[in-house]
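First the structure, in the form of structure tokens, and then the observations on it.
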Amino acid sequence: MKTDNSGYLTAHDLVRPPAAQDARPEARPAVRLTRHHGRHLTRDTFTPGGIPMSTPQWQQLTDHLMTVPEQIYEGWNSHDGWDNYTRWGEEFGEDGVAWCVIFDWCMYHDAGLDAIVPKVDNVSGFTAWAKARGQWSDYPSVGAWVNFGNGAHTEIVTGFDADTVYTKGGNSIQAGSADHGQGNGVWSHSNPRRSSYVTGYFAPRYPDGQCPPTADPSDPRGGPAVTSWRWTPPASDFEPFPGDGFFTAGRRSPIIAAMHDRLVDVGCDRYRSTANADVWGSGDVNSYQAWQHQLGYTGSDADGTPGPTSWAKLKVPKAES
């Protein structure tokens, strides 16, 4: 995660030459994570996002936010520059516009928490909403929507210490980028807590009653103030992506057998036989392609070969070696 204090963003209407993007199709996810209602649960009673059901809601939200790859998401054209069209604009129902607040809302929507935040597309709107409901704070707390520059931009708080607030958000630029401020992707940043650029924080109340880590000594959600908190990846019960070169014809591995079982579990069984379930073959290609289609991939992005994004969403259990 990038946490330097280099130049930050405020504007969204300037242009820069297009940056090189990851050529791997699945490094640029085609669809968002869906809400958890009515979706398949694994045998270990995890949510579809891979989060234990007992995990506090603020932690579920933060874990989901931190799984979003940091990269450029907007398209580019020579007339307009970066175009503001993203999958989060589609999810929100308002695409092609500045989307920093839209991204914040979508993170809560993905976690099934959109009922506790306003569906607005501007920083001043959620600021007024929070102040009217006693959910505004001068202190950072995890999951809070920060108002930068008195309405210029927003991101979600992912951590803090005595001097610094750490955030991640959309319609932003990579820390240290010299593009004059036009947001084009999702990136992490850090800022001095007492900077005049930090206007304040919208601190939502979570339905489960759990207060996230907070620096507010009088947080109305009831949690004690802490000096610092930083996000760390949760321990995983799932197989990490084994790499682009792993999936070759005839490869035998317990990981492939575990993937086979998981594809059957999620309704993507295109196998003609259960024999040699641990060997990569045409049945795996066809079944994995069905999984890619289920996620919304099309064309060359759904070629039946696993990529890191679709693999992470499949949640293949740890294989016994």
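The values are calculated or read from the model by the stated rules, or taken from the named source; none is laboratory data. Note that the structure is predicted; figures quoted are calculated from it, not measured. Because the Cβ atoms are built from the backbone with ideal geometry, glycine has one as well, and the counts that use them run over all protein chains shown. We work out accessible area using only protein heavy atoms, side chains counted, and drop any ligands, DNA or RNA first. Shrake-Rupley method; radii C 1.70, N 1.55, O 1.52, S 1.80 Å.
General remarks:
- Pairs beyond 26 Å (Cα-Cα), from Lys168/Lys318; Lys119/Lys315; Lys119/Lys168: Lys168/Lys318; Lys119/Lys315
- Counting only heavy atoms of the protein chains and using a 1.4 Å probe, Tyr85 has close to 130 Å² of accessible surface.
- Gain in span if fully extended, Glu70 to Phe246, counting 0.36 nm per residue against the direct Cα distance: 60.9 nm
- Two-site label geometry, Arg272 and Ser78: point separation in nm, points 7 Å out along Cα→Cβ: 5.0 nm
- With 10 Å bins from 0: P(r) over segment 113-159, alpha-carbon pairs, percent: 26, 64, 10
- Tail beyond 19 Å, pair distance distribution of segment 214-321 (Cα, percent): 50 percent
- Modelled this way, with points 7 Å down the Cα-to-C-beta line, the labels at Tyr85 and Ser218 are 5.0 nm from one another.
- Cα centre as origin, Lys/Arg/Asp/Glu Cβ charges: segment 232-297 dipole, Debye: 220 debye
- Lys, Arg +1 and Asp, Glu -1 on Cβ, resulting dipole of segment 168-321 about Cα centre, debye, nearest 20: 400 debye
- Model label zone, Glu94; criterion: amide N under 14 Å from point 7 Å along Cα-to-beta-carbon; scope segment 183-197: none
- In Å², nearest 10: area of His109 left accessible to a 1.4 Å probe: 20 Å²
- Taking only the C-alpha atoms of segment 95-190, the Rg (one decimal) and the largest Cα-Cα distance, Dmax (whole number), read 13.0, 38 Å.
- Around the amide H of Asn150, modelled in the peptide plane, lie the amide H atoms of Thr199, all under 5 Å away and 5 or more residues distant in sequence or on another chain.
- Model label points for Asp161 and Arg193, set 7 angstrom from Cα along the Cα-to-Cβ axis, are 1.2 nm apart.
- Rolled with a 1.4 Å probe across the full set of protein chains, the surface gives Val285 an accessible area near 40 Å².
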